[in-house]
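Below: one structure, written as structure tokens.
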Amino acid sequence: YGAMTDIAEGNIASLSVYNTMKKHLDIESFIDYMLINLYLGNSDWDGHNWRAAGTGPTGVPFHFFPWDTEFAISPPRNATSTINDALTVNRTTLNGNNRPTGIHQDLAQNAEYRLAFADAAHAAFFNNGPLSGQSAEAIWRRRSDDMSLAIVAESARWGDYRRDVQAAGGWSSSDFDLYTRNEYYDPIQDYITETYLKQRPAIFLN
């Protein structure tokens, strides 16, 4: 992994160096990984909450995997933000040392990588690609519809946790509501399908 990041930080604009990098990192998979995290505005990443696996040129090039991403489609983490603020979250300028975003920013110095990234973005967001509004909504609904009934049990198990259970541990119960599917889950689902997935592509691409 260290050898891979060293190559990325070197003369990566050179085609020969970039070709060496492709023996260490699966570029196509990496671009998909970056696109989904940046598009969803993953706000708890990449200071942590990421995973990579591989052996580099001796076997399998490194792949990165989404991990612990509950702060995707999430507003900035401050007291005044609301779910509507998720639309404009911008994570595209992150540049973490030896982290996915740092590798991405290094690779962006190479023209071939920039073209590959642009091609992947075009395939994802245009011509009914998986992240275009209608396609993304269909993908989202396939998963969320499966959870619609289960979320009632989730609410029964955890919906009162901050209000009634953890209040004894120092939380003020007045700061938290009883989280139910109809009052909390369903409105957020409507926001995601009717607003976020329709408007986010243009905002992200801009």
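The values are calculated or read from the model by the stated rules, or taken from the named source; none is laboratory data. This one's a predicted model, so the numbers in the text were calculated from it and none came from an experiment. Ideal geometry is used to build each Cβ from the backbone, glycine not excepted, and the neighbour counts take in all protein chains shown. Heavy atoms of the whole protein, side chains included, go into the accessibility calculation; ligands, DNA and RNA do not. Shrake-Rupley method; radii C 1.70, N 1.55, O 1.52, S 1.80 Å.
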Residue pairs qualifying under the 6 Å Cβ cut-off, at least six apart or on distinct chains, with the first in the range 79-108 being acidic (Asp, Glu) and the second being at pLDDT 95 or above and open to solvent by 30 Å² or more (accessible area, probe 1.4 Å), are ASP106/GLU9
Per the filter on the range 99-113, residues within 14 Å of TYR33 (Cα to Cα) and not in a helix (DSSP H, G or I) are ARG99
Of the candidates SER81, SER132, the one satisfying the condition of being small (Gly, Ala, Ser), on the phi < 0 side of the Ramachandran plot and modelled with pLDDT of 90 or more is SER132
Tell me, please, whether a residue that is open to solvent by less than 30 Å² (accessible area, probe 1.4 Å) and over 30 Å from GLN189 (Cα atoms) can be found in the range 57-67. yes
Picked from the range 28-44 (must be among the aromatic types (Phe, Trp, Tyr) and over 17 Å from ARG200 (Cβ atoms)), the residue surrounded by the fewest Cβ atoms within 10 Å (Cβ to Cβ) is TYR33
Expected single match for in contact with a Gly (Cβ under 9 Å, 6 or more places away or on another chain), closer than 17 Å to LEU35 by Cα, open to solvent by 50 Å² or more (accessible area, probe 1.4 Å) and small (Gly, Ala, Ser) among ALA123, ALA72 is ALA123
